[in-house]
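Colleague: Structure incoming, see below.
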Amino acid sequence: MRVVTGVVGNDIHVVANRLIEISLKERGFEVFNLGVNTYLEEFIDAVIETDADVLLISSLNGEAEGWSRDLLFLKSRFDLDGVLFAIGGNLSVGEANAKEMTQKYRAYGYDLVFHQIDLNEGLDIIENTLKEQN
Ligand code: B12
């Protein structure tokens, strides 16, 4: 399975991104890591170019919301059926309720939302979701 990952927007927090790449490789995924400071359009381009199964976006500075507004538009423009869209990290600036964040980001077009959720717990859920889909 192929995964495109990276940190969205003007976000330079790189540590989680490195850990995510290592963890995904350990789990047997082929990883295309676009790194920090990546824009939504670049993620979508990479998903198309690599024929990825999963797009896994991180946000650590909490500004992902602003960068996610075009996701539904981009999904409608390109054939991305079958791609699992996941986002995690700190999905708000300051404190926020995880349930509300999940609803908000699902409305932007993400299938799985992990606001301040442990990485391995999130990756287990992603793997189980992929198994159920196939
Ligand atoms: C180190 C650090 C920095 C360093 C970054 C160095 C670098 N190149 O990486 C420096 C000093 C440069 C920095 C800058 C800033 N930072 Co900073 N930083 C931190 C700090 C102390 C640690 C982050 C870290 O590396 N943690 C270790 C990694 C392993 O943990 P993690 O980031 O939490 O990631 C885990 C989870 O989030 C999760 N996860 C992440 N993505 C995903 C995705 C999925 C799908 C899943 C399931 C899980 C998951 O798994 C990861 C691994 O366990 C945190 C505070 C903290 N204690 O967490 C603040 C923090 C992230 N920073 C913050 C802020 C605000 C900033 C600045 C905007 C500050 C400023 N005013 O300039 C700038 C950012 C500028 C920018 N353009 O992004 C805030 C964000 C607040 C928010 N979201 O509300 C934090 C939380 C500090 C705070 N309490 O206010 N920062």
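Colleague: Since ARG18 meets every condition but one in (1) farther than 18 Å from LEU123 by Cα; (2) within 15 Å of the ligand (Cβ to nearest atom); (3) assigned to a helix (DSSP H, G or I), which condition does it not meet?
Modeller: Answer for ARG18: the failing condition is (1).
Colleague: Let me ask another. Can you tell me which residue within the range 91-106, out of those that are under 15 Å from the mean Cα position of the chain (by Cα) and assigned to a helix (DSSP H, G or I), is surrounded by the fewest Cβ atoms within 10 Å (Cβ to Cβ)?
Modeller: ARG106
Colleague: Just checking, how many residues over the range 21-56 are within 13 Å of the ligand (Cβ to nearest atom), more than 19 Å from LEU91 (Cα to Cα) and either among the small types (Gly, Ala, Ser) or without any contact (Cβ under 8 Å) to a residue 24 or more places away in the chain (or both)?
Modeller: So the count comes out to 3.
Colleague: Right, something else. Out of the residues in the range 54-71 meeting the condition of being touching an Asp or Glu at 6+ places or on another chain (Cβ under 9 Å) and not hydrophobic (A, V, I, L, M, F, W, C), tell me which one is farthest from GLY109 (Cα to Cα).
Modeller: Start the filter on the range 54-71 by keeping residues that are touching an Asp or Glu at 6+ places or on another chain (Cβ under 9 Å), which leaves 58-64, 67, 70.
Subset that is not hydrophobic (A, V, I, L, M, F, W, C): 58-59, 61-63, 70.
On the way: SER58: 15, SER59: 16, ASN61: 20, GLY62: 17, GLU63: 16, ASP70: 9 Å.
Looking at the filtered set, the residue picked out is ASN61.
Colleague: Could you pull out the residue among VAL54, VAL47 that is touching a helix residue (DSSP H, G or I) at 6+ places or on another chain (Cβ under 8 Å) and crowded, with 19+ Cβ neighbours inside 10 Å?
Modeller: Values: VAL47 fails: touching a helix residue (DSSP H, G or I) at 6+ places or on another chain (Cβ under 8 Å).
Matching residue, one of VAL54, VAL47: VAL54.
Colleague: Another question, then. Is one or more of the residues making up the range 78-90 surrounded by 16 or more Cβ atoms within 10 Å (Cβ to Cβ), under 20 Å from TRP67 (Cα atoms), more than 14 Å from the ligand (Cβ to nearest atom) and touching a residue at least 40 places away in the same chain (Cβ under 8 Å)? Talk me through it step by step, then tell me what you get.
Modeller: Here is the first cut: in the range 78-90, the residues surrounded by 16 or more Cβ atoms within 10 Å (Cβ to Cβ) are 80, 83-90.
Then drop every residue that is not under 20 Å from TRP67 (Cα atoms), which leaves 80, 83-90.
From what's left, more than 14 Å from the ligand (Cβ to nearest atom): 80, 83.
Next cut, touching a residue at least 40 places away in the same chain (Cβ under 8 Å) only: none.
No, there is no match, as no residue in the range 78-90 is surrounded by 16 or more Cβ atoms within 10 Å (Cβ to Cβ), under 20 Å from TRP67 (Cα atoms), more than 14 Å from the ligand (Cβ to nearest atom) and touching a residue at least 40 places away in the same chain (Cβ under 8 Å).
Colleague: Limited to the range 21-44, what total is found for residues that are farther than 18 Å from GLU121 by Cα and either part of a helix (DSSP H, G or I) or among the aromatic types (Phe, Trp, Tyr) (or both)?
Modeller: If we filter the range 21-44 for residues that are farther than 18 Å from GLU121 by Cα, which is where we start, we get 30-44.
Those still in the list that are either part of a helix (DSSP H, G or I) or among the aromatic types (Phe, Trp, Tyr) (or both) too: 32, 39-44.
Here the count works out to 7.
Colleague: Could I ask something else about it? If we keep just the residues of the range 1-12 that are in contact with a Ser or Thr (Cβ under 8 Å, 6 or more places away or on another chain) and within 11 Å of the ligand (Cβ to nearest atom), which is farthest from LEU74 (Cα to Cα)?
Modeller: ASP11
Colleague: As an exercise: evaluate ILE57 against (1) in a loop (DSSP other than H, G, I, E, B); (2) under 17 Å from VAL8 (Cβ atoms) and give the number of the one condition it does not meet.
Modeller: (1)
Colleague: I would also like to ask the following. Please go through the range 101-133 and give me each residue that is among the basic types (Lys, Arg) and within 21 Å of ILE44 (Cα to Cα), ordered by number. Can you show your working first?
Modeller: Restricting attention to the range 101-133, the residues satisfying the condition of being among the basic types (Lys, Arg) are 104, 106, 131.
Residues satisfying the conditions are LYS104, ARG106.
Colleague: Additional query: For the subset of the range 107-125 comprising residues that are near the ligand (Cβ under 7 Å from one of its atoms) and in contact (Cβ under 8 Å) with a residue 24 or more places away in the chain, which member is surrounded by the most Cβ atoms within 10 Å (Cβ to Cβ)?
Modeller: Filtering first and then ranking leaves PHE114.
Read-outs: derived from the displayed coordinates by stated rules, not from any lab. These numbers come from a predicted model, not from an experiment. Neighbour counts run over all protein chains shown; Cβ positions are idealised from the backbone, glycine included.
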